[in-house]
Amino acid sequence: MKTPLPFCLSLMLITLSAGCSSSPQSRISKNQGAYDSYPAEVRTAISKGEVQVGFNPDQVKLALGAPDRVLTRKSSSGDSEVWVYRDKSPSFGLGLGVGLGGGPVGVGAGVNTSGREFPDEKMRVVFTAGRVTAIEQTER
């Protein structure tokens, strides 16, 4: 049975879009009242998907969405909470195999368009007493 090309393309687009996170604009539209109550410089940063030192957790969620992981840090300077954000952009791979094991020649090929199995951390946001006190970003 042949699989029609439009079906394959549709399946690939669905797979790619499933890994995409929401945009700052979609999060803002769901929380318009809170967004409108913030000062202009905070609103500008949130709409760009940026976080600033001094933001509260709600402002960070509007800018970046929910964290992928939450860590608790205990140190001599006190306790803090660390929100970890990962790079979930899709990865693309191409594989090709050839078999010559004593019989007919076998050839196989495949393309992978799924999200990464082990996504890289792209950002950590550190909160102390309910405010952002540090932002760590991965340099590429």
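The values are calculated or read from the model by the stated rules, or taken from the named source; none is laboratory data. Here the structure is a predicted model, which means the values were calculated and not measured. Note: ideal-geometry Cβ built from the backbone for every residue, glycine included; neighbour counts use all protein chains shown.
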Taking Gly93, is it surrounded by fewer than 14 Cβ atoms within 10 Å (Cβ to Cβ), modelled with pLDDT of 65 or more and not hydroxyl-bearing (Ser, Thr, Tyr)?
-> no
Within the range 47-77, how many residues are among the β-branched types (Val, Ile, Thr), in contact (Cβ under 8 Å) with a residue 40 or more places away in the chain and touching a Ser or Thr at 6+ places or on another chain (Cβ under 9 Å)?
-> 1
Qualifying residues in the range 48-68 (those that are surrounded by fewer than 16 Cβ atoms within 10 Å (Cβ to Cβ) and among the polar types (S, T, N, Q)) - the one farthest from Ser29 (Cα to Cα) | Gln52
Only residues that are of a type in the set (D, E, K, R) and either closer than 11 Å to Pro57 by Cα or modelled with pLDDT of 80 or more (or both): list them for the range 114-140, please.
-> Asp120, Glu121, Lys122, Arg124, Arg131, Glu136, Glu139
